[in-house]
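The values are calculated or read from the model by the stated rules, or taken from the named source; none is laboratory data. Bear in mind that the values here come from a model prediction, so they are computed numbers and not experimental data. Here the Cβ positions follow ideal geometry from the backbone for every residue, glycine too, while neighbour counts run over all protein chains shown. Accessible surface is based on the protein model in full, side chains and every heavy atom, while ligands, DNA and RNA are left aside. Shrake-Rupley method; radii C 1.70, N 1.55, O 1.52, S 1.80 Å.
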Amino acid sequence: MENISQAFASKIDEILEKWKLKVRLDTKIENSKNLSEPALINLIPQVLDAMTTALNESEEDDFKMVAQASLEHGVNRFEHGYDAAEIAREYRLLRQVIFAILKDDLLELPKAESYQAFRIIDAVIDQASAYCFHQFVEERTRKLENLHQQIINNNEELTRLLSLSQESFSQLAHEVKTPLNSIMAYSQLLLRQHQAKTEEDSITIERIERVLRASRQLLQLVNNSLELSQVDAGKTQLNLMKIDLNSVIATTIETIEPLAQAKELSIIISNDSAPEQIVTDLSRFQQILINLLSNAVRYTETGSITVTCESLPDEKWLLSIRDTGIGIAPENIERIFQPFSRVAQRVSQQAEGSTGLGLTIVSQLVEFLRGEIEVVSQIGEGSEFLIIFPMEIKPDNR
């Protein structure tokens, strides 16, 4: 077999040239037209070298070189965009070219040797094409599985986002309608009264104040919605500073006191064990305080609201806001932090001026300030919001 091996080796270049030409001219191998010559030849020379080795050693099962070259060839053809039929035609053409060029050399051999050489060449081509197909199918299957998983993940994310967007938009639209309708109704009434210019329907300060209250409620709803969207999108940045805790709490309570006094509620401050200074985002911390105190006043008809601050071990401190209001049922405590949540009819009746976003913002801002929030409440006995903050917030302290 040494002679046929040498003859085969000497004609590898000729085999490659004729094979390239046939592949280029084959109208059913469209993807070959877009390949450069090195990309077209790819690993076919290695397959031919393996064939030379097999002919020289006369071992039909020694196809390690064929296997490696063909596996890589299958990967490359997949990346070139080939389909299975194009790969099959390439190997069919390779078989035809090899036997056409080696025809005379094979005929010169004794019948047994000629038959053996024919079998070896044929077997090597079969093995090469089999390995190539195997790897081609594996690559295609892997790609399809990846695409399938990606489609599933994208579909799940789109479904989630769509659900959230539709729900939030529906809820926001519902909440906006009430103050808007109020503004429109009173504005139309004022317009008719102005047009009539009658003494009986004169414009009153009270009606103007109603329009103003509805307008403020709408503005608060829009501002709260924007705050939520900024936190969710990660666009809110920490603005850390050292603050005097007692001073900030006293200043914040001053803005809430008129609301409490209107309902004859007392606000009690218990800061004897409070830290003197903390490092936090002042405006976000004040927003948490205002939202919690406003809620406490809104849902408390009689009694008091107590604000307590206390230093804790491990460089932490506690903020507690406790009221003597209507309370929250245990099964509803988790829901109160959801946007536009209304946990009971009784709450809804007392929620005039509420946007339904206050506690949602509190929950997100507490997390933003590296804190943890807990609620303890009983129906008819009031609620207590307990928040644990670090003494000093660091930008990377998540």
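Of all residues in the range 264-274, which are surrounded by 13 or more Cβ atoms within 10 Å (Cβ to Cβ) and either among the hydrophobic types (A, V, I, L, M, F, W, C) or without any contact (Cβ under 8 Å) to a residue 24 or more places away in the chain (or both)?
Within the range 264-274, LEU265, ILE267, ILE269, ALA274 meet the criteria.
Is it the case that ALA88 is in a helix (DSSP H, G or I) and either open to solvent by 40 Å² or more (accessible area, probe 1.4 Å) or modelled with pLDDT of 75 or more (or both)?
For ALA88, the condition - in a helix (DSSP H, G or I) and either open to solvent by 40 Å² or more (accessible area, probe 1.4 Å) or modelled with pLDDT of 75 or more (or both) - is met.
Kindly indicate which of ARG95, ARG207, ARG119, ARG142 is of a type in the set (Lys, Arg), at pLDDT 80 or above and in contact with a helix residue (DSSP H, G or I) (Cβ under 8 Å, 6 or more places away or on another chain).
Just one listed residue meets the conditions, ARG95.
Could you check, for the range 283-296, whether at least one of its residues is among the small types (Gly, Ala, Ser) and under 19 Å from GLY382 (Cα atoms)?
Yes - at least one qualifying residue is present in the range 283-296.
Scanning the range 335-368 for residues that are part of a helix (DSSP H, G or I) and at pLDDT below 65, which turns out surrounded by the fewest Cβ atoms within 10 Å (Cβ to Cβ)?
GLN345
Could you please find all residues in the range 304-336 being among the polar types (S, T, N, Q) and in contact with a strand residue (DSSP E or B) (Cβ under 7 Å, 6 or more places away or on another chain)?
If the condition is that a residue be among the polar types (S, T, N, Q) and in contact with a strand residue (DSSP E or B) (Cβ under 7 Å, 6 or more places away or on another chain), then SER304, THR306, THR308, SER311, SER320, THR324 are the ones that fit.
Could you grab me the full set of residues in the range 78-103 that are among the basic types (Lys, Arg) and under 11 Å from SER129 (Cβ atoms)?
Passing the criteria: ARG89, ARG92, ARG95.
Just checking, does the range 315-334 include any residue being at positive phi and at pLDDT 90 or above?
For the range 315-334, residues at positive phi and at pLDDT 90 or above: present.
Taking only pairs six or more apart or across chains, which ones have beta-carbon atoms under 8 Å, a first residue in the range 361-383 that is within 14 Å of PRO330 (Cβ to Cβ), and a second residue that is part of a helix (DSSP H, G or I) and of a type outside the set (Val, Ile, Thr)?
SER377/PRO330; SER383/ALA296
Quick check on my filter: what residues within the range 234-281 are on the phi > 0 side of the Ramachandran plot and acidic (Asp, Glu)?
GLU264
Restricting attention to the range 96-153, and to residues there that are of a type in the set (D, E, K, R) and surrounded by fewer than 11 Cβ atoms within 10 Å (Cβ to Cβ), which single residue is farthest from GLU86 (Cα to Cα)?
LYS111
May I ask you to say which residue of GLN277, GLN261, GLN286 is in contact with a Lys or Arg (Cβ under 6 Å, 6 or more places away or on another chain) and either open to solvent by 40 Å² or more (accessible area, probe 1.4 Å) or of a type in the set (Gly, Ala, Ser) (or both)?
GLN277
Just for the range 234-258: of the residues that are under 36 Å from the mean Cα position of the chain (by Cα) and modelled with pLDDT under 90, which one is least open to solvent (accessible area, probe 1.4 Å)?
Ranking the candidates gives THR236 first.
For the range 61-70, state whether one or more residues are modelled with pLDDT of 75 or more, touching a Ser or Thr at 6+ places or on another chain (Cβ under 9 Å) and under 23 Å from PHE133 (Cβ atoms).
No, the conditions are met nowhere in the range 61-70.
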